[in-house]
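Quick notes on the structure that follows.
Please treat every number below as a calculation from the coordinates, not as lab data. Everything numeric here is computed off the predicted structure, so don't read it as measured data. No Cβ is skipped: glycine too gets one built from the backbone with ideal geometry, and neighbour counts run over all protein chains shown.
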Amino acid sequence: MSQLQVALESLDSRDVLSDKTSVAERMEVFRDVLPTKERQLLVNPDTPEVMRTETTIPEINHAELSVEVLRTALAEQGALIVRGMFSTDETDALIEVIDRVFDCSNVSKEERDKLLSPYFSPPKNLVSFMPEKRTKPAIWKLMDAVAPVIDRVFNGFKVPQEERDKRVSRYFNSLKKPLPVTPEQQMKLAALRTFNGASGAIMAVEAPSVAESLLQFYDRHSIRELIAEYLGEPPCLSVKKWVLRRSQLPVNSGGWHQDGAFMGTDINSLNLWIPLTHCGGETGAPGMDVVPRRLHNIASAEGATFDWSVSDEYVQSGGLKVLPVAPVFHAGDAFFFDHLYLHRTQARDDFTRVRYAIETWFFGETTFPKDQIPVKW
Ligand SMILES: O=C(O)CCC(=O)C(=O)O
Ligand SMILES: [Fe+2]
């Protein structure tokens with residue numbers, strides 16, 4: 001039978017507890033780590049806008065993919081479609097997996113907390129990463145203040161500041177007893193699940209065995225090297241922006257947006273969006289509508305539904321100089337874009353087929369948006 005990491009047989013034989021621990025640890029790595037202050041951004045907001053005559057989405061075959069092609073396409077046109085990056089065996093298997101994840105997640109809170117399934121078993125520490133207003137205990141503040149001094153006494157001044165901060169915070173944070181989770185954090189996680197559920201999405205980290213097998217699957221396709229080269233540093237993932245999608249009909253479009261409008265723009269990112277269903281255009285399954293051009297900043301939110309979205313009127317009237325398109329995607333294509341690309345779930349009333357997809361945003365390990373909850377790769 002299939003040897004795919006993402007097949008049901010492989011998932012059924014995984015050690016769920018160990019996957020759960022691993023995903024929990026991947027989140028812990030970044031608990032007290034902030035992005036670096038000196039950031040080299042891949043997209044310079046001061047770049048003068050160059051209007052191109054070509055307003056399509058660049059696309060290539062899998063064999064033509066290289067970091068140079070990816071870099072040029074993203075820099076000049078904001079996105080790249082790689083045709084046939086994954087096989088039908090792989091996309092079929094991923095659809096089955098996503099169906100299991102949705103089935104398993106549909107349980108009461110009590111059952112959910114006890115679940116030890118490869119398809120759904122949220123790590124216990126997930127809720128503790130939800131934002132909270134509580135001030136840190138005084139003893140922690142004291143530890144944070146004395147730690148660098150102690151480190152200097154023992155190790156001298158030779159270690160670069162950033163390296164020392166990391167090491168020191170790792171050591172001292174291991175001494176801090178975790179604070180109890182607040183009701184506010186519980187509510188934030190519930191709200192996040194509801195928000196995702198409304199568009200047919202579940203966070204990959206809630207299914208740790210699926211998350212771990214996806215990382216192996218990406219590795220097998222050399223995606224880690226590609227993205228590291230593109231970002232200029234090792235990539236990390238994130239809790240909030242790594243989701244398994246099964247669209248609902250009628251589709252909940254959510255509106256035109258650039259993900260940077262809510263993630264921030266002082267980051268380096270690359271989204272790998274994998275359609276698992278033939279979708280977009282006139283196919284009857286929702287793909288994505290996109291404005292096919294490189295933007296260097298966040299577009300106007302005037303007239304839009306949310307302060308992070310852009311109105312349809314503005315987009316359709318050519319406010320972005322280029323009119324939107326609705327590309328056709330085949331199962332197993334890869335669609336790469338970053339946090340400044342303007343897009344939305346394709347909006348039409350007459351879709352007849354459900355669409356599956358996996359959305360994975362990668363960030364630089366030092367240039368990530370902290371509030372998306374970075375996850376170590
Ligand atoms: O899957 C979709 O329709 C939306 C995806 C999206 O907004 C994203 O990948 O940033
Ligand atoms: Fe998006």
- Query: With point charges of +1 on the Cβ of Lys and Arg and -1 on the Cβ of Asp and Glu, referenced to the Cα centre of the chain, which listed residue (Ser309, Phe217, Gln161) lies farthest in the positive direction of the dipole?
  - Reply: Gln161
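Using the 2.2 N^0.38 Å rule of thumb for compact globular proteins, work out how the chain stacks up: its C-alpha Rg over that value, please. All intermediate terms of the calculation are to be shown ahead of the outcome.
Working: Rg = 21.3 Å, N = 377, 2.2 N^0.38 = 21.0 Å.
Relative to the rule-of-thumb radius for its length, the chain sits at 1.02.
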- To the nearest 0.05, what FRET efficiency results for Val153 and Ser66 with a Förster distance of 56 Å applied to their C-beta separation? 0.70
- Message: Can you tell me the orientation of helix 16-28 relative to the chain, as the angle in degrees between its alpha-carbon axis and the longest Cα principal axis, to the nearest 10?
- Response: 80
- Task: Once you have a ≥ b ≥ c as the square roots of the Cα gyration tensor eigenvalues for the range 135-178, tell me rounded if a/c is under 1.5, and otherwise prolate or oblate according to whether a/b is larger than b/c.
- Result: prolate
- Query: Tilt of helix 138-155 relative to the longest C-alpha principal axis of the chain, in degrees (0 to 90, nearest 10)?
  - Reply: 80
- Query: Label Lys141 and Leu192 with points 7 Å out from Cα along Cα→Cβ: what is the distance between them in nm?
  - Reply: 2.7
- Nearest 10 degrees, 0 to 90: what angle lies between the long axis of helix 183-198 and the longest principal axis of the chain (Cα atoms)? 20
- Task: Quote to one decimal, in nm, the extra length available between Leu323 and Thr352 on full extension: 0.36 nm per residue of separation minus the C-alpha distance between them.
- Result: 7.9 nm
- Evaluate E = 1/(1 + (r/R0)^6) for Leu17 and Leu249, where r is the Cβ-Cβ distance and R0 equals 45 Å; express this FRET efficiency to the nearest 0.05. 0.80
- Task: Might you report the magnitude of the Cβ-based charge dipole of the chain about its Cα centre, with Lys and Arg at +1 and Asp and Glu at -1, to the nearest 20 debye?
- Result: 1480
- Query: When the Cα centres of the range 208-227 and the range 242-283 are compared, how far apart do they sit, in Å?
  - Reply: 19
- Task: Can you tell me how much longer the chain between Ser108 and Glu49 gets when fully stretched, taken as 0.36 nm per residue apart minus their C-alpha distance, in nm with one decimal?
- Result: 16.1 nm
- Query: How large is the charge dipole for the range 135-178, taken about the Cα centre, if only the Cβ atoms of Lys, Arg (+1) and Asp, Glu (-1) carry charge, to the nearest 20 debye?
  - Reply: 140
- Item | Helix-only mean residue ellipticity at 222 nm for the chain, each DSSP H run of n ≥ 4 adding -39500 (n - 2.57), per residue, nearest 500 | -10500 deg cm²/dmol
- Where a ≥ b ≥ c are the square roots of the eigenvalues of the C-alpha gyration tensor, would you call the range 200-264 rounded, which needs a/c under 1.5, or, failing that, prolate if a/b is larger than b/c, or oblate? oblate
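Test of understanding: what is the full-extension gain from Glu76 to Gln40, defined as 0.36 nm times their sequence separation minus their Cα-Cα distance? List each step's numbers first, then the result.
Numbers: separation 36, 0.36 × 36 = 12.96 nm, distance 1.82 nm.
This chain segment gains 11.1 nm when fully extended.
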- How high is the FRET efficiency from Arg83 to Arg134, r the C-beta distance, R0 56 Å, rounded to 0.05? 0.70
- Percent relative contact order of the chain, based on C-alpha pairs within less than 8 angstrom and at least six residues apart? 27
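Once you've got the Cα coordinates, tell me which of Lys124/Lys241; Lys321/Lys370; Lys20/Lys176; Lys176/Lys240 are over 30 Å apart. Please report the intermediate quantities before stating the final value.
On the way: Lys124/Lys241 19 Å; Lys321/Lys370 32 Å; Lys20/Lys176 22 Å; Lys176/Lys240 25 Å.
Violating the 30 Å Cα-Cα cut-off are Lys321/Lys370.
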